[in-house]
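Colleague: Handing you this structure, nothing more for now.
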Amino acid sequence: MKSPSLPSQQRSCQPLAPLLTLALLGCSQTTSPTHAPSPTPGRIDALAIGPVQSAFLAALDPSVNLVPYTGREQLDDYGMVVFDGDAHTPAQVAAQPLISQALSTGRWVLGVDLTEAHKKQALWPTLHASTCGTSAAFAMHLGYDPNGRFQAQVIEPSSSRALPRTSTIPANLAASSRLVEAPTRPGGSPCAGGATATAQRVTADAGSTSAFARTLLSDMARPARLSRQNLPAGTPPDLIYANFSFTETFSTSITGSLQGHPGTQHPNYTVNRSFTVFLNNKNNPQGDFQYVLLEQDAAANPREANEDFIAMGKKWDTDWRSGTYDDAGWFQSRMQLNLSADPTTWNLVSTSPDTANGTTAVTTGVSFEVQFGASEAGPSGSGSFTYSNSQTRDIEDWAVDNRATNTETQWLYGSRSPVDTRFEQDCSQTIRSGGCYLGQLPNDLSQDALKLYTQSVWKTPSVVDAAAGFTYWTYYEMMDLGCSSNYGFFCSQTVPPNVPIALTVPHQPPSPQGLNIDLGVVVPIPMQSVTFSHNPVEGGNTVIGTVTLSRPAKIDTPIGLSSNSQNATVLPTVTVKQGQTSATFQVLTNTNGLDDGDSTVATIQAFSAQGIQAQLTVTNPE
């Protein structure tokens, strides 16, 4: 595998290290350039902090130009920052200002081989989001939407793996169909998978690294707005909310087929889990409760775009019966999305879509009303916002089963025609003709892009100003159907003992996965004061105002500003930066309408969920 390249000025000092290793610290001591431009147009310049070694980073090599960080480079010249958890302790990551600066300025940060401590101790104070366990690759990005509301995004490869193949061996051709059990929750507790970051790195499948790289590069090329599901038009600016997006990427390889046809396929999927936290604060400025909206947007494919199926509609040259096949594989047969909120006291208000069978399309949509303590008319009012956003997905020849409980959301999607995945595949299935020949091929969604979309909404019993945990797992199934026994020119009329006619490969993680988001980012921090650098002030001079919060801001916090006087004007907003307690703003004064020797008192108000005001006296001396 090709190693990520170093700038030409540094290649002479690159040590003889294992493949993929960048000994950046040693080489950086002899370099003078502060920025190495990309040698190839279109590549992304990325700053690498210390040595980095990862198959996931190597997959980015054709598109990313790594530049060792010496402390002299300007962050503005780079689109991404990269670091390796194997080379930096959580304390070292927390103490590295470049990482938090990159996140705070909207740049992507990629960490490889991270422990849970890296994510929860070092990155949490800035990202306010994490996943459990180790991460072979963990890409993260922060931003703010047009209303100034916080958004965090994480991209991470799935920990799902192939379970042992199962085969179907019917007793005879007339055997009645037997029900297939629904996927079951993986054993163990969340984050108990036990695999170390090093083990994940060494065994990383080439398809897995490519899928991760492809998703990351695609999202880096998107506009600044992070959430995939945009909020409905007309979302009021006074509504307080935040968005957390977790993207799971998965790809694996399947080789061979039931009837011995050679080849390799790479089934793959991405699942984006987007959490939007809304604050209901009509009665209490710091909040009455929160709604947590989950949108899951999944896309699955049984093969890569440039691949052939191993044995879709194939037969050996010696098979003479026309219109039939001895193999149909591999195709996607079932997919299940599962997620539960770990605070079991939350109320699961609504889930969508409902169970649907025998339809060509399914529409997903939930609706709920959020009340807030201010309106566009001013801080003295109140308002409400009704969330309603529906999307339709094609499920022709498929069905969806909403299996939600009081504590867990769960949707099972499965093929229905001609392959009905509710039952074991035997020779009574409609896909087969006389003699157990394969007379049909699987439906289009089984062979092509499968797109799923679900929504859930929870209501907290009171305001949560802390982290909240969620447990999730994805089930994805591939299938291969074949003749029961191939004699060259026909399939046997009687199924011999121990001869399978179907193979199934399920994929799921060894244990449920976990993630955490900080619901406290939507809880307003009370304002302490508004003060002025000069008071009173002679009209025509500029005054510096300061708005101070009662404690440091968790995230960049926009503060609304207003004045009731034409003689003292302010901009509509000022932002208290993350980690700060105050922000300054200008008050422009004038003497319009004031006679000599007169003065006026302007009321300057700052507002964030609740208002605080101060009086500024503007004079017009004689």
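The values are calculated or read from the model by the stated rules, or taken from the named source; none is laboratory data. Because the structure is a prediction, the values reported are computed rather than measured. All Cβ positions, even for glycine, are placed from backbone atoms using ideal geometry, and neighbour counts span all protein chains on display. These accessible areas exclude ligands, DNA and RNA; they are computed on the full protein's heavy atoms, side chains included. Shrake-Rupley method; radii C 1.70, N 1.55, O 1.52, S 1.80 Å.
Colleague: Six or more apart or on different chains, Cβ atoms under 7 Å: show the pairs whose first residue is in the range 99-110 and of a type in the set (Asp, Glu) and whose second is open to solvent by 50 Å² or more (accessible area, probe 1.4 Å) and assigned to a strand (DSSP E or B).
Modeller: Matching pairs, first to second residue: none at all.
Colleague: Exactly one condition in (1) more than 18 Å from PHE289 (Cα to Cα); (2) open to solvent by less than 20 Å² (accessible area, probe 1.4 Å); (3) touching a strand residue (DSSP E or B) at 6+ places or on another chain (Cβ under 7 Å) is false for THR531; which is it?
Modeller: If we test THR531 against (1) more than 18 Å from PHE289 (Cα to Cα); (2) open to solvent by less than 20 Å² (accessible area, probe 1.4 Å); (3) touching a strand residue (DSSP E or B) at 6+ places or on another chain (Cβ under 7 Å), just (2) comes out false.
Colleague: Determine which member of the set THR249, THR255, THR264, THR270 is in contact with a helix residue (DSSP H, G or I) (Cβ under 7 Å, 6 or more places away or on another chain), surrounded by fewer than 22 Cβ atoms within 10 Å (Cβ to Cβ), under 30 Å from ALA136 (Cβ atoms) and not acidic (Asp, Glu). Steps first, please.
Modeller: Details: THR249 fails: surrounded by fewer than 22 Cβ atoms within 10 Å (Cβ to Cβ); THR255 fails: in contact with a helix residue (DSSP H, G or I) (Cβ under 7 Å, 6 or more places away or on another chain); THR264 fails: in contact with a helix residue (DSSP H, G or I) (Cβ under 7 Å, 6 or more places away or on another chain).
Answer to the check: THR270.
Colleague: State whether one or more residues within the range 435-444 are hydrophobic (A, V, I, L, M, F, W, C), open to solvent by less than 10 Å² (accessible area, probe 1.4 Å), over 27 Å from GLN371 (Cβ atoms) and more than 23 Å from the chain's Cα centre (by Cα). Walk me through how you get there before you give the answer.
Modeller: Looking only at the range 435-444, we keep the residues that are hydrophobic (A, V, I, L, M, F, W, C), and these are 436, 438, 441.
Next, only the ones that are open to solvent by less than 10 Å² (accessible area, probe 1.4 Å) stay: 436, 438.
Now restrict to residues that are over 27 Å from GLN371 (Cβ atoms): 436, 438.
Cutting the leftovers down to more than 23 Å from the chain's Cα centre (by Cα) gives us 436, 438.
Checked against the condition, which is being hydrophobic (A, V, I, L, M, F, W, C), open to solvent by less than 10 Å² (accessible area, probe 1.4 Å), over 27 Å from GLN371 (Cβ atoms) and more than 23 Å from the chain's Cα centre (by Cα), the range 435-444 yields at least one hit.
Colleague: What tally of residues in the range 330-339 results from selecting those that are over 8 Å from MET478 (Cβ atoms) and open to solvent by less than 10 Å² (accessible area, probe 1.4 Å)?
Modeller: Restricting attention to the range 330-339, the residues satisfying the condition of being over 8 Å from MET478 (Cβ atoms) are 334-339.
So of that shortlist, the ones also open to solvent by less than 10 Å² (accessible area, probe 1.4 Å) come out as 335-339.
Number of matching residues: 5.
Colleague: Is it true that ALA233 is among the aliphatic types (A, V, I, L, M), more than 16 Å from the chain's Cα centre (by Cα), at pLDDT 80 or above and over 25 Å from TRP108 (Cα atoms)? Don't jump to the end; show me each part of the working.
Modeller: Working: among the aliphatic types (A, V, I, L, M): yes; more than 16 Å from the chain's Cα centre (by Cα): yes; at pLDDT 80 or above: no; over 25 Å from TRP108 (Cα atoms): yes.
Here the answer is no, as ALA233 does not meet what is asked.
Colleague: Tell me which of these ASP426 doesn't satisfy, since it passes every other one: (1) at pLDDT below 90; (2) of a type outside the set (A, V, I, L, M, F, W, C); (3) open to solvent by 10 Å² or more (accessible area, probe 1.4 Å); (4) touching a strand residue (DSSP E or B) at 6+ places or on another chain (Cβ under 7 Å).
Modeller: (3)
Colleague: Here is a further query. Output the residues belonging to the range 534-558 that are within 27 Å of SER599 (Cβ to Cβ), open to solvent by less than 60 Å² (accessible area, probe 1.4 Å) and assigned to a strand (DSSP E or B).
Modeller: VAL537, VAL543, GLY545, THR546, VAL547, THR548 - these are the residues of the range 534-558 that are within 27 Å of SER599 (Cβ to Cβ), open to solvent by less than 60 Å² (accessible area, probe 1.4 Å) and assigned to a strand (DSSP E or B).
Colleague: Please identify the pairs in which a residue from the range 534-548 that is more than 14 Å from GLN613 (Cα to Cα) has its Cβ atom under 8 Å from the Cβ atom of a residue that is of a type in the set (Phe, Trp, Tyr) and in a strand (DSSP E or B), counting only partners at least 6 apart or on another chain.
Modeller: Final answer for the pair search is VAL543/PHE532; ILE544/PHE532; ILE544/PHE585.
Colleague: Collect the residues in the range 382-421 that are assigned to a loop (DSSP other than H, G, I, E, B), of a type outside the set (Val, Ile, Thr) and more than 29 Å from PHE368 (Cα to Cα), keeping them in residue-number order. Break it down into steps so the answer makes sense when it comes.
Modeller: As a first pass, look at the range 382-421 and keep what is assigned to a loop (DSSP other than H, G, I, E, B): 382, 395-397, 403-407, 416-421.
Pick out the ones that are also of a type outside the set (Val, Ile, Thr) and you get 382, 396-397, 403-404, 406, 416-418, 420.
Those that are assigned to a loop (DSSP other than H, G, I, E, B), of a type outside the set (Val, Ile, Thr) and more than 29 Å from PHE368 (Cα to Cα): GLU396, ASP397, ARG416, SER417, PRO418, ASP420.
Colleague: Assuming ASP518 fulfils every condition listed in (1) in contact with a helix residue (DSSP H, G or I) (Cβ under 8 Å, 6 or more places away or on another chain); (2) open to solvent by 10 Å² or more (accessible area, probe 1.4 Å) apart from one, which condition is it?
Modeller: Condition (2) is where ASP518 drops out.
Colleague: Here's a follow-up. Taking the residues in the range 299-314 that are in contact (Cβ under 8 Å) with a residue 60 or more places away in the chain and either of a type in the set (Lys, Arg) or part of a strand (DSSP E or B) (or both) as candidates, determine which candidate is surrounded by the fewest Cβ atoms within 10 Å (Cβ to Cβ).
Modeller: Restricting to residues being in contact (Cβ under 8 Å) with a residue 60 or more places away in the chain and either of a type in the set (Lys, Arg) or part of a strand (DSSP E or B) (or both), the top hit is ALA299.
Colleague: Also: Out of the range 179-197, which residues are surrounded by 14 or more Cβ atoms within 10 Å (Cβ to Cβ) and at pLDDT below 70? First the steps, then the outcome.
Modeller: Within the range 179-197, the first condition is being surrounded by 14 or more Cβ atoms within 10 Å (Cβ to Cβ), and the residues that meet it are 180, 182-183, 185-186, 190-193, 195-197.
Those that are surrounded by 14 or more Cβ atoms within 10 Å (Cβ to Cβ) and at pLDDT below 70: PRO190, CYS191, ALA192, GLY193, ALA195, THR196, ALA197.
Colleague: Shifting gears a bit: Would you check which residues across the range 353-375 are in a strand (DSSP E or B) and not small (Gly, Ala, Ser) and list them?
Modeller: The initial filter retains those residues of the range 353-375 that are in a strand (DSSP E or B), namely 356, 361-372, 375.
Listed by number, the residues that qualify are VAL362, THR363, THR364, VAL366, PHE368, GLU369, VAL370, GLN371, PHE372.
Colleague: Restricting to the range 445-459, count the residues that are open to solvent by less than 10 Å² (accessible area, probe 1.4 Å) and touching a Ser or Thr at 6+ places or on another chain (Cβ under 8 Å).
Modeller: Number of matching residues: 6.
Colleague: When you check PRO510 against the structure, is it assigned to a strand (DSSP E or B) and under 30 Å from ALA468 (Cβ atoms), yes or no?
Modeller: Working: assigned to a strand (DSSP E or B): no; under 30 Å from ALA468 (Cβ atoms): yes.
When the stated conditions are applied, PRO510 does not pass them.
Colleague: I've got another one for you. Which residues, counting only those in the range 455-485, are of a type in the set (Phe, Trp, Tyr) and more than 21 Å from GLU156 (Cα to Cα)?
Modeller: So the first thing to find is which residues in the range 455-485 are of a type in the set (Phe, Trp, Tyr), and the list is 458, 470, 472-473, 475-476.
The answer is TRP458, and nothing else.
Colleague: Still on this structure, please answer the following. Could you figure out which of (1) of a type in the set (Lys, Arg); (2) over 19 Å from SER218 (Cβ atoms); (3) under 19 Å from the mean Cα position of the chain (by Cα) isn't true of ARG72?
Modeller: Unmet for ARG72, out of (1) of a type in the set (Lys, Arg); (2) over 19 Å from SER218 (Cβ atoms); (3) under 19 Å from the mean Cα position of the chain (by Cα): (3).
Colleague: Can I ask one more? Across the range 460-469, which residue is nearest to the chain's Cα centre (by Cα) among those that are closer than 22 Å to SER245 by Cβ and open to solvent by 50 Å² or more (accessible area, probe 1.4 Å)? Talk me through it step by step, then tell me what you get.
Modeller: Narrowing the range 460-469 to residues closer than 22 Å to SER245 by Cβ: 460, 464-469.
Filter once more, so that each one left must be open to solvent by 50 Å² or more (accessible area, probe 1.4 Å): 465, 467.
On the way: ASP465: 22, ALA467: 17 Å.
If we take residues in the range 460-469 being closer than 22 Å to SER245 by Cβ and open to solvent by 50 Å² or more (accessible area, probe 1.4 Å), then ALA467 is nearest to the chain's Cα centre (by Cα).
Colleague: Hey, another quick one. Which members of the range 371-408 meet the condition of being of a type in the set (Val, Ile, Thr) and either at pLDDT 95 or above or in contact with a helix residue (DSSP H, G or I) (Cβ under 8 Å, 6 or more places away or on another chain) (or both)?
Modeller: Going through the range 371-408, the residues of a type in the set (Val, Ile, Thr) turn out to be 386, 392, 395, 400, 405, 407.
Passing the criteria: ILE395, VAL400.
Colleague: Still on this model: Working carefully through the options LEU179, LEU103, find the one that is within 29 Å of MET478 (Cβ to Cβ) and either in contact with a strand residue (DSSP E or B) (Cβ under 7 Å, 6 or more places away or on another chain) or not acidic (Asp, Glu) (or both). I'd like the intermediate steps shown before the answer.
Modeller: Details: LEU103 fails: within 29 Å of MET478 (Cβ to Cβ).
LEU179 is the lone residue from the list that is within 29 Å of MET478 (Cβ to Cβ) and either in contact with a strand residue (DSSP E or B) (Cβ under 7 Å, 6 or more places away or on another chain) or not acidic (Asp, Glu) (or both).
Colleague: Now for a separate question. What pairs come out if I take residues in the range 395-419 that are closer than 15 Å to GLU477 by Cα and pair them with residues that are in a strand (DSSP E or B) and open to solvent by 40 Å² or more (accessible area, probe 1.4 Å) whose C-beta lies under 8 Å away, six or more apart or interchain?
Modeller: As it stands, the answer is TRP411/ASP401; LEU412/ASP401; TYR413/ASP401; GLY414/ASP401, since those pairs meet every condition given.
Colleague: Also, quick follow-up: Having 3 or more residues that are open to solvent by 10 Å² or more (accessible area, probe 1.4 Å) and under 28 Å from LEU339 (Cα atoms) is the bar; report the helices (runs of 4 or more DSSP H) wholly within the range 80-147 that clear it. Break it down stepwise before answering.
Modeller: Values: elements: 90-95, 97-104, 124-127.
Filter on the range 80-147 gives 124-127.
Colleague: Continuing with the same structure: Could you check, for the range 212-222, whether at least one of its residues is under 17 Å from the mean Cα position of the chain (by Cα) and modelled with pLDDT under 85? Steps first, answer last, please.
Modeller: Within the range 212-222, the first condition is being under 17 Å from the mean Cα position of the chain (by Cα), and the residues that meet it are 212-222.
Then keep just the ones that are modelled with pLDDT under 85; that gives 222.
Yes, the range 212-222 contains a residue that is under 17 Å from the mean Cα position of the chain (by Cα) and modelled with pLDDT under 85.
Colleague: Would the range 575-594 turn up any residue that is open to solvent by 70 Å² or more (accessible area, probe 1.4 Å), among the hydroxyl-bearing types (Ser, Thr, Tyr) and outside any loop (DSSP other than H, G, I, E, B)?
Modeller: Of all residues in the range 575-594, those open to solvent by 70 Å² or more (accessible area, probe 1.4 Å) come to 577, 580, 584, 586, 588, 592-593.
Now narrow it down to the ones that are among the hydroxyl-bearing types (Ser, Thr, Tyr): 584.
From what's left, outside any loop (DSSP other than H, G, I, E, B): 584.
Looking for residues that are open to solvent by 70 Å² or more (accessible area, probe 1.4 Å), among the hydroxyl-bearing types (Ser, Thr, Tyr) and outside any loop (DSSP other than H, G, I, E, B), one finds at least one in the range 575-594, hence yes.
Colleague: Out of all the residues in the range 600-622, which are of a type outside the set (Val, Ile, Thr) and open to solvent by 70 Å² or more (accessible area, probe 1.4 Å)?
Modeller: In the first step, residues of the range 600-622 are kept if they are of a type outside the set (Val, Ile, Thr); the result is 602, 605-611, 613-616, 620-622.
Scanning the range 600-622 gives GLN613, GLN615, GLU622.
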